[in-house]
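Worksheet for the structure shown next.
A short reminder: the numbers here are calculations on the coordinates, not readings from a lab. Since the model is a prediction, treat every value here as computed from it, not as a measurement. Counting neighbours? That spans all protein chains shown, and the Cβs are built from the backbone with ideal geometry, glycine included.
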Amino acid sequence: MRTHIRRTCLLAIAIPFALGGCVKLARESPRLQLYVLGTGAAEALPSATTGAPPATREAYRVGLRRLELASYLSVPTIMIRRGANELVVSEFHRWAGDLEQSINREVGVYLARTPRVRSVDVAPWTARARHDVLVQLHISRFEGVIVDSAAKEGRVHVIAGWDIVRPFNGAVLVRGNTDDRGGTFRVGDYASLVTALDAALSRVAVDIGACLTRFPNDSTPPASCGSVSAGTRENGR
């Protein structure tokens, strides 16, 4: 009889501790956080006026085609690259919408603010839309980068290829590339990472706009856009 009483008492004592542990775990469970591009961090766009044509020259109506996004980025989680090859993701920090559409929309907003651009339509557009040039974006990197697990600060890396295309026959007039590593973020602070990625998209738009300023007319492309698109931006250079 005494043995039975002791077991009952121990069980009665153990149950509150077990329940207390469950409650504590539930309170500490991370909550899902969703992020969108368009933070307003890139309101002051870098200048794209170097070598710009006279103000009297007509500005372009631009159609921004559907974005081509690297397959590993076609997921809702926000990517961080650790070292050379490791991708680190958090299930609790995600994009709120379709990343392809979000990137295209933001580049369109920023491109519309650059010289020589009158308007930007982002695909899909209406059948009545008329464009002087089309732009095709190819995003192969769109992520934060950290050196190792002990890093306190990281850098964004955005690689965007872009083609300026004649709308009537689809001929590529000129190709450019933006390799941007100019923004930093605090490791673990996904809001600052998203802000830095958004700012990088504004610099992609500036490169495209600067290339358009070098077109001598609406149908003749420049010999090259390498001076505004080929270099890697790093530390503001």
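Shown for Arg66, Arg61: other C-beta atoms within 10 Å of each C-beta, ranked fewest to most, produce the order Arg66, Arg61. Highest average first, the peptides 69-78, 123-132, 161-170, 185-194 ordered by how many other beta carbon atoms sit within 10 Å of their residues are 185-194, 161-170, 69-78, 123-132. Cβ crowding within 10 Å, taken as a proxy for footprinting-reagent exposure, orders Asp198, Asp121, Asp148 from fewest neighbours to most as Asp148, Asp121, Asp198.
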